[in-house]
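Visitor: Mind looking over this structure? Questions follow.
The values are calculated or read from the model by the stated rules, or taken from the named source; none is laboratory data. Quick caveat, the model's predicted, so the values are computed rather than measured. Cβ atoms come from the backbone with ideal geometry, glycine included; neighbour counts cover every protein chain shown. SASA here: full protein model, heavy atoms, side chains in, ligands and nucleic acids out. Shrake-Rupley method; radii C 1.70, N 1.55, O 1.52, S 1.80 Å.
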Amino acid sequence: MSPLNVTILLFDGFSNMVLACLLEPLRAVRDQVRGGIVWSVITPGDRPAISSSGLSIAPDRPIAGVSRSDLLIVVSGYGFREHATKAASSVLLRLSRQADVVLGADTAAWLLAEAGLLWGRTATLHWQVLSDFAEAFPDTQLSYARYVKEGRVWTCGGASTALDLMLAFVAERFGPAQAFDVSTMFVHDAERQSSGGRGPSRLSGKGSEPLRRVLNHMIETIETPVSLEALAAKANLTPRTLNRLFLAELGMPPGRYYQFLRLSRARDLAANTDLGQREIALRCGFSDAAALGKAFTRHFGYSIGKTRK
């Protein structure tokens, strides 16, 4: 499978927080999926883009060198009116023709509308400029939703809505289980920090209470996996109901997700420790190194040894 090719177009005045909420979910997915994700940052004029807080990010390649993208992310913050030029519109039109999905974050919908990419569509952007946008672009239907997905053009407002939209993209492209895994990575950390309780079994965030109860038990028993019957009993469910729950909320059966958690843990240990493959296998509930190696390669598409390198 070819990697997901992402192009990120940054305009001066962009928000560091918005960029992080768009990019970090992709980073979290990158090593978990077969084929992976590659991205490159480009800027108008091929000069470093300066964020609203003064952070400078240099482009990875000249804008003329960009060909096709699976996902084009346009990020604009302060100064969007000054950025809405004929030259910028020309660039956006060319890049959008070469992209499967175009995502405009923060005030980027203004630039997309100026380029004619939102004519007759529904869109949203940062709440502070909603009324100005409605006056400037009457041919675009303004939405007050957190994000809007219309065809291949998606729009959102500030940081939290950018994270919501990116999780929706991950769910659509890689499945709800992957999106759930990414969401817990970002959502439950803050809650654990503020509550003072730390540990791998304190999972919260998205998902129903029975699902989180089972997932917590899965995490607690990675080293010594339990039966699906025992998992179901943990949430006062029958195995059949547990299976339906996982299929409805995560898009895969519980046994498969259980193995996904164990393999993710194995990948983390291989990448960040000096443990041998046999020890990693035992810590992740596999009978031996060979069983781990076979399951790892089948799931990720590359060997666990490559992860260590």
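Visitor: How many residues are within 29 Å of the chain's Cα centre (by Cα) and of a type in the set (A, V, I, L, M, F, W, C) when one looks only at the stretch 233-246?
Guide: 4
Visitor: Considering ASP181, ASP106, which residue is open to solvent by 20 Å² or more (accessible area, probe 1.4 Å) and touching a helix residue (DSSP H, G or I) at 6+ places or on another chain (Cβ under 9 Å)?
Guide: Details: ASP106 fails: open to solvent by 20 Å² or more (accessible area, probe 1.4 Å).
Exactly one of ASP181, ASP106 is open to solvent by 20 Å² or more (accessible area, probe 1.4 Å) and touching a helix residue (DSSP H, G or I) at 6+ places or on another chain (Cβ under 9 Å), namely ASP181.
Visitor: Something else now. Select from the stretch 294-303 the residues that are at pLDDT 90 or above and crowded, with 18+ Cβ neighbours inside 10 Å and write down the one among them that is farthest from GLY255 (Cα to Cα).
Guide: By that ranking, first place goes to PHE296.
Visitor: Please go through the stretch 208-245 and pick out each residue that is closer than 20 Å to CYS284 by Cα, among the hydrophobic types (A, V, I, L, M, F, W, C), part of a helix (DSSP H, G or I) and touching a Leu at 6+ places or on another chain (Cβ under 8 Å).
Guide: Residues satisfying the conditions are VAL214, LEU215, MET218, ILE219, LEU228, LEU231.
Visitor: Do you know which residues across the stretch 62-78 are without any contact (Cβ under 8 Å) to a residue 60 or more places away in the chain, exposed (fewer than 13 other Cβ atoms within 10 Å of the Cβ), out of contact with any helix residue (DSSP H, G or I) (no Cβ under 6 Å at 6 or more places or on another chain) and assigned to a loop (DSSP other than H, G, I, E, B)?
Guide: Step one: filter the stretch 62-78 for residues without any contact (Cβ under 8 Å) to a residue 60 or more places away in the chain, giving 62-67.
Narrowing further to those that are exposed (fewer than 13 other Cβ atoms within 10 Å of the Cβ): 62, 64-65, 67.
Then keep just the ones that are out of contact with any helix residue (DSSP H, G or I) (no Cβ under 6 Å at 6 or more places or on another chain); that gives 64-65, 67.
Scanning the stretch 62-78 gives a single hit, SER67.
Visitor: Can I ask one more? Within the stretch 264-286, does at least one residue satisfy the condition of being of a type in the set (A, V, I, L, M), at pLDDT below 90, open to solvent by 30 Å² or more (accessible area, probe 1.4 Å) and in a helix (DSSP H, G or I)?
Guide: Applying the first criterion (of a type in the set (A, V, I, L, M)) to the stretch 264-286 yields 266, 269-271, 275, 280-282.
Retained after the next criterion (residues that are at pLDDT below 90): 266, 269-271, 275.
Right, trim to open to solvent by 30 Å² or more (accessible area, probe 1.4 Å) and you get 271, 275.
Narrowing further to those that are in a helix (DSSP H, G or I): 271.
Within the stretch 264-286, one or more residues are of a type in the set (A, V, I, L, M), at pLDDT below 90, open to solvent by 30 Å² or more (accessible area, probe 1.4 Å) and in a helix (DSSP H, G or I).
Visitor: With respect to the numbered conditions (1) of a type in the set (A, V, I, L, M); (2) buried (at least 20 other Cβ atoms within 10 Å of the Cβ); (3) over 19 Å from GLY158 (Cβ atoms); (4) out of contact with any Gly (no Cβ under 9 Å at 6 or more places or on another chain), which one is the sole condition not fulfilled by LEU26?
Guide: (3)
Visitor: Looking for something touching a Cys at 6+ places or on another chain (Cβ under 8 Å) and open to solvent by less than 20 Å² (accessible area, probe 1.4 Å) - is there at least one such residue anywhere in the stretch 126-140?
Guide: Among the residues of the stretch 126-140, not one is touching a Cys at 6+ places or on another chain (Cβ under 8 Å) and open to solvent by less than 20 Å² (accessible area, probe 1.4 Å), which makes the answer no.
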